[in-house]
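Novice: One structure is given below, represented as structure tokens, and several questions about it will come after.
Every read-out reported here was derived from the displayed coordinates using simple, explicitly stated rules and does not represent laboratory data. Because the structure is predicted, anything quoted here is derived from the model rather than measured. Please note: Cβ atoms are built from the backbone with ideal geometry, for glycine as well, and neighbour counts cover all protein chains shown.
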Amino acid sequence: MSNTLKTQQIEEKGIVEDAINLLSQQIWCWGKDIEKSEGNWLLKIGFSRIELPADREGTSVYSLKLSENRCVYLRAFGILYVDSKYGSIFLPRYEFLPEYTELSTLQKPPWNKKDLPPLKAPTKSQQNNCDTLMLDLLNWIRTYEENIVQNLGVEYRKETLIDWDNGKRVVIPAEQIIPQWSMIESAVLEKKII
């Protein structure tokens, strides 16, 4: 193996590790946005909360219809992004490997991973659709954080990260969240990861 290839693999691994840490922290932040003392921020910006049926264990599902064709579902275990034109991807919280399906409808809300449509790594013929979905999702996450800073301020995001910093987790400073999402978007666009 050449030194250039080794360097590239190390760089890709580092980007993926950064993305995993950023995604996990982002999901934590959404949880804090739900618990915001002035009221649930997700509901305020248009999300729907789908209450858990009495016979299920877990938490509510939050979904946001982004357009006639697109919807995002937030869960503690990951994000489901649906587009009727391209299919769906699920991005697991502790991995940065999107799982893909051509399906764009759900039989039921994604209470747990078993409720998701059948997902797998995209085939070569599905890769462009998967990449499109991934870039759209990353753009939406970055824009969400830009809106947080614009509407609530970077100090608010700093406060949400106080409890995240337990001495074991990697903490991406509030000022670095948006640039980090932009860097991940660029890496996906340039096919350095995924």
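Novice: Helix-only estimate, please: 222 nm mean residue ellipticity of the chain, summing -39500 (n - 2.57) across DSSP H runs of length 4 or more and dividing by its residues, to the nearest 500.
Specialist: Helix contribution divided over all residues of the chain: -14500 deg cm²/dmol.
Novice: Okay, moving on. Highest GNM mean-square fluctuation, the chain, Cα pairs closer than 10 Å: which of Glu17, Glu102, Glu51?
Specialist: Its mean-square fluctuation being the largest, the pick is Glu51.
Novice: Less than 10 Å Cβ to Cβ from Phe47, Lys/Arg counted +1 and Asp/Glu -1: what total charge do the surrounding residues give?
Specialist: After counting each charged neighbour, the total is +2.
Novice: Sticking with this one: Along its principal axes, what span do the Cα atoms of region 41-161 show, with the longest given first and each in whole Å?
Specialist: Projected onto its principal axes, the Cα set of region 41-161 covers 44, 37, 30 Å.
Novice: Rounded to the nearest 20 debye, what is the charge dipole size of region 1-145 about its Cα centre when +1 sits on each Lys and Arg Cβ and -1 on each Asp and Glu Cβ?
Specialist: 200 debye
Novice: I'd like to compare 75-82, 54-61: which one has the highest average count of other Cβ atoms within 10 Å, and what's the full order after that?
Specialist: Result, highest mean Cβ count within 10 Å first: 75-82, 54-61.
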